[in-house]
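K.L.:
I have a structure here, written as structure tokens, and I will follow up with some questions on it.
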């Protein structure tokens, strides 16, 4: 399924307008508060992984923090593409708790 880019771009525009009007512009409020809020929401998501609104909360807060730091959605995509390539070249080991961690830097 392909993402409707017009729909996504409109969503980002509407999200930015709402967030900056409601919580202050990036110059008035940096990325730290949304990241701290994201920590709380991740705990809620771990407790309720079947709740789509918890996924949305995390997604919205991550975007908000990045936008407040000055990163665009295109920047995030470019960073993610680069990071995926790094991760594909790493060696991964399953930890006792089931989480996989890389065992090398690059």
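K.L.:
Treating the angle as unsigned and between 0 and 90°, give the value, to the nearest 10°, between the Cα long axis of helix 32-47 and the longest Cα principal axis of the chain.
P.N.:
That works out to roughly 60 degrees.
K.L.:
Another one. If I take every Cα pair under 8 Å that is 6 or more residues apart in the chain, average their sequence separation and divide by the length, what percent do I get for the relative contact order? Intermediate results must be reported in sequence, preceding the final value.
P.N.:
On the way: 73 pairs, mean separation 21.4, N = 106.
It comes to 20 percent, rounded to a whole number.
K.L.:
Please report how far the C-alpha centroid of region 36-51 lies from that of region 55-89, rounded to the nearest whole angstrom.
P.N.:
With region 36-51 and region 55-89 each reduced to a Cα centre, they are spaced 18 Å.
K.L.:
I would also like to ask the following. Can you give me the angle between helix 73-88 and the longest principal axis of the chain, using Cα atoms only, in degrees from 0 to 90, rounded to the nearest 10?
P.N.:
0
K.L.:
Another question, if that's okay. Helix-only estimate, please: 222 nm mean residue ellipticity of the chain, summing -39500 (n - 2.57) across DSSP H runs of length 4 or more and dividing by its residues, to the nearest 500. Each step should come with its number before you reach the end.
P.N.:
Values: 4 runs with 69 residues, N = 106.
Rounded to the nearest 500, it is -22000 deg cm²/dmol.
K.L.:
Okay, moving on. Could you list 29, 68 so that the one with the fewest beta carbons within 10 Å of its beta carbon is first and the one with the most is last?
P.N.:
On the way: 29 15, 68 24.
Starting with the residue having the fewest Cβ neighbours, the order is 29, 68.
K.L.:
How far, in degrees from 0 to 90, does helix 5-23 lean away from the longest principal axis of the Cα atoms of the chain, to the nearest 10?
P.N.:
70
K.L.:
Using the alpha carbon gyration tensor of the chain, what are the three equivalent-ellipsoid semi-axes (square root of 5 times each eigenvalue), largest first, in whole Å? Each step should come with its number before you reach the end.
P.N.:
Details: eigenvalues 150, 67, 48 Å².
After diagonalising the Cα gyration tensor, the semi-axes are 27, 18, 16 Å.
K.L.:
When you count, for each residue, the other Cβ atoms within 10 Å and take the mean per peptide, how do 36-42, 94-100, 22-28 rank with the highest first? Write down the numbers at each step before the final one.
P.N.:
Working: 36-42: 14.4, 94-100: 7.3, 22-28: 11.1.
Per-residue Cβ counts within 10 Å, averaged per peptide and sorted highest first, yield 36-42, 22-28, 94-100.
No lab work stands behind these numbers, since they all come straight from the coordinates. Because the structure is a prediction, the values reported are computed rather than measured. Reconstructed Cβ throughout: ideal geometry from the backbone, glycine too, with neighbour counts over all protein chains shown.
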